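Here the structure comes first, spelled out in structure tokens, and everything after it is commentary.
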Amino acid sequence: MEKNDRELIRRLYKKLYLIRKTEEEIARVYPTDKIKSPIHLSIGQESVSVGVCDNLKKDDVVFGTYRGHAMYLAKGGDLNKLIAELYGKETGCCKGRGGSMHIIDKEAGVMGTSAIVGTTIPIAVGYAQALKLQGSNSIVVVFFGDGAMDEGVVHESMNYAGVKKLPILFVLEDNQYAIFNHTYYRQFFESVRMADNHVWAAEQISHDIFEVYHKAKALIEYVRKSCTPAFLQVDTFRLKEHVGPEDYDYPDIKDRDEFKRILKNDQVKFIRRKVKNPKEIESIIDKKIKKAFKFAEKSEEPDWRDLERFSYE
Amino acid sequence: MSRILSYGEAINEAIYQSMEDDNKIIVMGQGVNDPNTVLGTTKGLEQKFPGRCIDTPIAEDGMTGVAIGTALAGFKVIHTHIRMDFVLLCMNQIINMAAKMEYMYGGEVNVPIVIKSMIGKSWGQGPQHSQGLYSLFINIPGLRVVAPTTPYDAKGAMIAAIAHKGPVLFIEHRHLHYQKGFVPEKRYGIVPELRKLKEGSDVTLIGVSQMVVECFRAAKILEENGIKAEVIDPIYLSPLDYNNIYKSVKKTKKVIVVDCDWFASSVGADIISSLHESGLDFRSFKMGFAHTTCPTAPSLEKEFYPTAEKIAKEAFFMFEENLDKFKNVDIIREEIEYKGPF
């Protein structure tokens, strides 16, 4: 392998491992009730956020969903503040007011996640409009799931971006399930073909980390250069339940061999095999994660007298 | 010092002057650049500030999100709707995002958007083109709601709304756009304080939006009946100037609130329940649209709305239960019967 590849692989693995280990630790701690909000874990889908965000500059911004920890960390969001937010502490990224589903890190360019399906998508388009009005070279990437593709507002947003030529990349993390409901029963359209009618370029790939990395690189460059919107559908898979720390074994997948193949396609494990001396990376990250959880535990809760802070008419 | 502008022109001037001072202000909405220019309120904006007055597709939910996103990136956005009825399509973005983002993100962001729309009646608009709906928004924390009545207040309220850090619902009434009044040329804002249009000692009449005009006319009728009414325009519906309303009702001990909306869970309900909580001993009555869908046929439509005569009769009833003694007075109406364009 060339030196470039090796550097890329290490960099990607660092981020993938950080996210995977953080999410697993969150799942481990969750039954102790120290985490004060519902959690929607990205385990199984990390390669989408990592592959896309690795191609973004600091001034580019991302918007996401309630399943947003992977995106938050992949874009460079502060780990300590994330865990503190989950613990409901004043040192959290939203000072404990948001919880797991509403996180933000402006400095890293993570402009917000939301609990309601589809709500951040038009906002992301608006942000792209602002970037264009300012003559900026930055772009917006908005992540959403197959559930959001059901919502009308997503089509309104993509259409607007297409007709006004806005610098935004729409990334669909298609894990086929909206809670327990499969896309087969919800969608008459094919997402990538629908998107192709709204925006200027639309592609569909698997969540293989290298495929994501290279395709995202091409589309991001396209969006930045042409100042027109593009769409990337990544077919991925969620390994935990929709909400909560438990594993989910998808009883509706009748072919159990198929399910085993899906589990084998775990991108974090796949990349690990390609890294020289992964334990070196892992021990550093393990320490970081441990520190973050300690930080969250030791932090203060918001003062009850501050209930009305940030609230005004 | 008698510079006269219409209500619509006053709003237009407020937006124009604000956009002149701050090039980070943009306007979005359906029909902003068409010949009607939203009853004159967006006139001349695209010509003077090209690229900053953006006509949008008919996708209210998405467009509200777009307005919020643009505001998030450092702009101030005025999102205009031709009717309040259409704002119902924006509820998710207004209530779940705009009203909450500053709070739920721990103060990291703020959403300076003005959502302006037109309410109220005119000839045969019917069920879906005549609603008030502002009562829904006064309930939500994080949303400011303002409904000016005079051209002076319209300009001041719009400048203040644009300058406000958070989201503002700016409510215009279709019958007010051609009403003229004194409007200074300078830039000025008005704060959340009510305006007392007429001093009186016998009964307090509080109106919302165009109903302030009806209350003012009712006061004239009541004068002929020997009753001195105090007429109040709260202007801001959220935050509401409870203090000064309390002072007035403490004096008169009688209050009628006339909403330009259905009166259940309305500004009237809010005011009257707050006055009760303050321990005042007083008599009250809520008025507003009849509690039905608005009909189109004129014989039904005229029953639907409060009028100056109806308000005056209710006030009179608080003093004299025998309505045969009520003297109705013909008030000259300079109202323009609005028949379009829509």
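No value in this document is a laboratory result; all are computed from the given coordinates. What you see is a predicted model; the values in this text were computed from it and never measured. Note that each Cβ is placed from the backbone with ideal geometry, even for glycine, and that neighbours are counted across all protein chains shown.
Assorted remarks:
- Here A:Ser49, A:Ser226 are placed in order of increasing Cβ neighbour count within 10 Å, fewest first, which gives A:Ser226, A:Ser49.
- Helix-only CD estimate at 222 nm, as mean residue ellipticity for the protein assembly as shown, using -39500 (n - 2.57) per DSSP H run (n ≥ 4): -11500 deg cm²/dmol
- Charge dipole (debye, nearest 20) of segment B:1-132; +1 at Cβ of Lys and Arg, -1 at Cβ of Asp and Glu: 200
- Taking the number of Cβ atoms within 10 Å of each Cβ as an exposure proxy, the fewest-first ranking of A:Arg256, A:Arg309 is A:Arg256, A:Arg309.
- Volume of the Cα convex hull of segment B:157-202, divided per residue and given in Å³: 144
- Stokes-Einstein translational diffusion, segment A:117-201 - Kirkwood Rh over all Cα pairs, 0.692 mPa s, 37 °C, in µm²/s: 248
- Beta bridges per DSSP, both residues in the protein assembly as shown: antiparallel share near 15 percent.
- Chain A - share of DSSP beta bridges that are antiparallel (%, nearest 5): 15
- Diffusion coefficient, µm² s⁻¹, Stokes-Einstein with Kirkwood Rh over alpha-carbon pairs of the protein assembly as shown at 10 °C and 1.306 mPa s: 59
- Cβ-derived FRET efficiency at R0 35 Å, A:Lys58 paired with A:Leu263, nearest 0.05: 0.50
- Rg/Rh, computed from the Cα trace of segment A:41-173 with Rh as the Kirkwood radius, has the value 0.96.
- Shape analysis of segment B:170-239 based on the Cα gyration tensor places the equivalent ellipsoid semi-axes at 24, 14, 12 Å, largest first.
- Geometric descriptor of segment B:197-342, per residue, is 130 Å³ (volume of the convex hull of the Cα atoms).
- Compared with the rule-of-thumb size 2.2 N^0.38 Å for a compact globular protein, segment B:129-197 has a Cα radius of gyration ratio of 1.15.
- Ascending count of other beta-carbon atoms within 10 Å, so fewest first, for A:Arg6, A:Arg20: A:Arg6, A:Arg20
- Equivalent-ellipsoid semi-axes for segment B:269-338 (Cα gyration tensor, √(5λ), whole Å, largest first): 27, 19, 12.
- The eigenvalues of the Cα gyration tensor, multiplied by 5 and square-rooted, give segment B:1-55 an equivalent ellipsoid with semi-axes of 19, 14, 8 Å from largest to smallest.
- Rg/Rh for chain A (Cα atoms only, Rh after Kirkwood) is 0.96.
- Helix B:242-252 axis, angle to chain B major axis (alpha carbon atoms, nearest 10°): 10
- Relative to the longest principal axis of the Cα atoms of chain B, the long axis of helix B:267-277 makes an angle of roughly 60 degrees.
- Sorted largest first, extent of segment A:89-136 alpha carbons per principal axis (Å): 38, 25, 12
- Scaled against 2.2 N^0.38 Å for its residue count N, the alpha carbon radius of gyration of segment B:21-126 is 1.11.
- In loop segments of segment A:146-204 as defined by DSSP, the chymotrypsin sites (Phe, Trp or Tyr not before Pro) with at most 10 further C-beta atoms inside 10 Å of their C-beta are A:Phe188.
- Only Lys, Arg (+1) and Asp, Glu (-1) charged, at Cβ; chain B dipole about Cα centre in debye: 480
- Bins of 10 Å from zero: percent of alpha-carbon pairs in segment B:220-282: 19, 52, 27, 3
- Alpha carbon convex hull of segment A:1-94, projected area averaged over orientations, nm²: 6.7
- Of the DSSP H helices in chain A, those whose Cα atoms cover at least 15 Å axially and whose Kyte score averages -0.5 or more: A:120-133, A:152-164, A:209-226
- Long pairs among A:Lys164/A:Lys225; A:Lys15/A:Lys288; A:Lys95/A:Lys298; A:Lys81/A:Lys294; B:Lys121/B:Lys254, criterion Cα-Cα beyond 18 Å: B:Lys121/B:Lys254
- Reachable lysines from B:Lys76, criterion Cα separation under 16 angstrom, eight or more residues apart if same chain: A:Lys132, B:Lys24, B:Lys116, B:Lys165
- In segment B:111-208, trypsin sites (Lys or Arg not before Pro) in a DSSP loop with at most 12 other beta-carbon atoms within 10 Å: B:Lys165, B:Lys186
- Distance (nanometres) between label positions extended 7 Å along Cα→Cβ at A:Ser136 and B:Phe304: 4.5
- Calculated P(r) of segment A:192-306 - Cα pairs past 26 Å, %: 52
- Given charges at beta-carbon only (K, R positive; D, E negative), |dipole| of segment B:184-340 in Debye: 380
- Sorted from longest to shortest, the spans of the Cα atoms of chain B along the three principal axes equal 62, 44, 44 Å.
- Which of A:Asn80, A:Cys93, A:Ala27, positive extreme of dipole for segment A:1-160 (C-beta unit charges): A:Asn80
- Distance from segment B:1-26 to segment A:77-136 (C-alpha centre basis), Å: 34
- For segment A:198-269 versus segment B:186-228, the inter-centroid distance based on Cα atoms is 62 Å.
- Cα extents of segment A:157-233 along the three principal axes, largest first (Å): 39, 30, 17
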